[in-house]
Amino acid sequence: MARICIYGAGSIGCYLGGRLAAGGADVGFVGRPGVGDELRAHGLTLTHYDGGSWRVPLEAIAFSTEPSAAAAADLVLVTMKSGATAQAAAELAAVVSPNAVVISFQNGIGNTDTLRAALPGRTVLAGMVPFNVVRRSPGTFHQGSEGEPEVEEATELAPFLADFTRAGFALRRHRDMLPVQWAKLLFNLNNAVNALSGLPLQQELGQRDYRRCLALAQVEALALLSRAGIVPARLTPLPARWLPALLRLPDALFARLARKMLAIDPLARSSMADDLTAGRPTEVDWINGEVVRLAERFDRRAPVNERLVSLIKAAETEKAGWSGEALLAELRTSARRN
Ligand SMILES: NC(=O)c1ccc[n+]([C@@H]2O[C@H](COP(=O)([O-])OP(=O)(O)OC[C@H]3O[C@@H](n4cnc5c(N)ncnc54)[C@H](OP(=O)(O)O)[C@@H]3O)[C@@H](O)[C@H]2O)c1
């Protein structure tokens, strides 16, 4: 049986690893001591918004804080935040088997390249998790929105496909993951807007000025993607290029047309907002920062996303609470100054 290692056991790692283990796969987790204590005390419970529920008893959980626990793995799922990838890549390079397959199930665009650079000769694949996962209580991780894990197609995946199927995941495979990753990133540009608003997502997305901020950031990214010849994959019924127009609609019309987008737990905030609240570094350099880097490739600037990066950096030390009107004025000024 293939051995699977979850490297960076947090919300996504515990959910994916838990579902795989509940489906009968041989799964080990590498993570921080606090998470180990949590899983040893409570086991793992995985819940799904449609009512599904899976359980991994505590005695069935193999958890380690040591990178060496990844040495025996045939498949490594990398699931830490982007800022920790370089360190994790160096740790994996020292232990992971030459035949192991490594998949980054992280947001952003650059994590796979960071892993590839540190793991020459190994199969490193890009992955993407389209749904959100929250820790509801110790040991309980909840999938709050729809979607199936997406991954770069490779023959090396074949030995593991049955594990994903048994776990109930319809692993979606793509020859080119870049359009899929960028499509997700376009949505994740809202993480910064949400974190700066200080509001739950539902309230923030319910206000036209915040949505106009997101539309500005998306329009900037879409123009650069077009320049780069990347057509974002279609993750919603609406093609990505129409999203800004949808976002700019008046509140009542938006609420009617984008009911699904607003069907979020009323208290849920973006992970960037949670990171700011917890005093952790955010992933802004791997989300809005990716747009800034794409602009640099063409000797251009991405002033709206640049400003969002700098506002989030400022909010890492000083509490943010931007009104939609003030943030929109700030971003429009940045765009004009360019
Ligand atoms: N949560 C979601 O709903 C969601 C959905 C889709 C995609 N994603 C993406 O998935 C990735 C993971 O997100 P997450 O929310 O699961 O993050 P998370 O809850 O912070 O989990 C990551 C865990 O990995 C640990 N870690 C970091 N470096 C490690 C290392 N070298 N060895 C062992 N453990 C290490 C972290 O510990 P420290 O905090 O101490 O570093 C943390 O406990 C991100 O790129 C995120 O954007 C998340």
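The residues of segment 7-28 that are outside any helix (DSSP H, G or I) and either outside the structural domain of Gly52 (by TED's automatic domain parsing) or near the ligand (Cβ under 9 Å from one of its atoms) (or both), listed by number, are Tyr7, Gly8, Ala9, Gly10. Of all residues in segment 64-74, those being surrounded by 21 or more Cβ atoms within 10 Å (Cβ to Cβ) and within 11 Å of the ligand (Cβ to nearest atom) number 1. Kindly evaluate Arg19 against the criterion of being open to solvent by less than 30 Å² (accessible area, probe 1.4 Å), of a type in the set (Lys, Arg) and in contact (Cβ under 8 Å) with a residue 40 or more places away in the chain. Spelling it out, Arg19 is indeed open to solvent by less than 30 Å² (accessible area, probe 1.4 Å), of a type in the set (Lys, Arg) and in contact (Cβ under 8 Å) with a residue 40 or more places away in the chain.
So Val124 fits all but one of (1) surrounded by 22 or more Cβ atoms within 10 Å (Cβ to Cβ); (2) within 23 Å of His174 (Cβ to Cβ); (3) touching a residue at least 24 places away in the same chain (Cβ under 8 Å); (4) not basic (Lys, Arg); what number is the exception? Tallying (1) surrounded by 22 or more Cβ atoms within 10 Å (Cβ to Cβ); (2) within 23 Å of His174 (Cβ to Cβ); (3) touching a residue at least 24 places away in the same chain (Cβ under 8 Å); (4) not basic (Lys, Arg), Val124 fails exactly one: (3). A Cβ distance below 9 Å, combined with a sequence gap of six or more or placement on separate chains, defines the contacts here; from segment 50-69, residues that are under 30 Å from Ile264 (Cβ atoms) reach no residue that is loosely packed, with under 11 Cβ neighbours inside 10 Å. Filtering segment 282-315 to residues that are within 16 Å of the ligand (Cβ to nearest atom) and open to solvent by 10 Å² or more (accessible area, probe 1.4 Å) leaves Thr282, Glu283, Asp285, Trp286, Glu290, Val309.
Could you list, in sequence order, the residues of segment 24-70 that are farther than 24 Å from Glu148 by Cα and among the aromatic types (Phe, Trp, Tyr)? Phe63, the sole residue that qualifies. Among the residues of segment 128-147, the ones that are within 9 Å of the ligand (Cβ to nearest atom) and charged (D, E, K, R) come to 1 in all. In segment 181-198, the qualifying residues are those that are within 16 Å of Leu308 (Cβ to Cβ) and hydrophobic (A, V, I, L, M, F, W, C), and the one that is surrounded by the most Cβ atoms within 10 Å (Cβ to Cβ) is Val193.
Scan segment 237-250 for residues that are surrounded by 13 or more Cβ atoms within 10 Å (Cβ to Cβ) and either in a helix (DSSP H, G or I) or touching a Leu at 6+ places or on another chain (Cβ under 9 Å) (or both) and the total you get is 8.
Yes/no matrix, rows are residues, columns are (1) assigned by TED's automatic domain parsing to the domain that holds Arg136; (2) open to solvent by less than 50 Å² (accessible area, probe 1.4 Å); (3) assigned to a loop (DSSP other than H, G, I, E, B):
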site	(1), (2), (3)
Val35	yes, yes, no
Ala41	yes, no, no
Val76	yes, yes, no
Ser97	yes, yes, yes
Ile103	yes, yes, no
Asn107	yes, yes, yes
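Exactly one residue out of Leu238, Leu246 is in the same structural domain as Glu306 (by TED's automatic domain parsing), at pLDDT below 95 and away from the ligand (no atom under 16 Å from the Cβ), and it is Leu238. Looking at Arg234, Arg212, Arg269, just one residue is open to solvent by 30 Å² or more (accessible area, probe 1.4 Å), in a helix (DSSP H, G or I) and in contact (Cβ under 8 Å) with a residue 12 or more places away in the chain, and that residue is Arg212. On the basis of being of a type outside the set (S, T, N, Q), touching an Asp or Glu at 6+ places or on another chain (Cβ under 7 Å) and away from the ligand (no atom under 12 Å from the Cβ), does Leu119 make the cut? The answer is no for Leu119.
The values are calculated or read from the model by the stated rules, or taken from the named source; none is laboratory data. Keep in mind the model is a prediction, meaning the values are calculated, not measured. Every residue, glycine among them, receives a Cβ derived from its backbone with ideal geometry; neighbour counts consider all protein chains shown. Note: accessible area is taken over every heavy atom of the protein model, side chains too, but ligands, DNA and RNA are not part of it. Shrake-Rupley method; radii C 1.70, N 1.55, O 1.52, S 1.80 Å.
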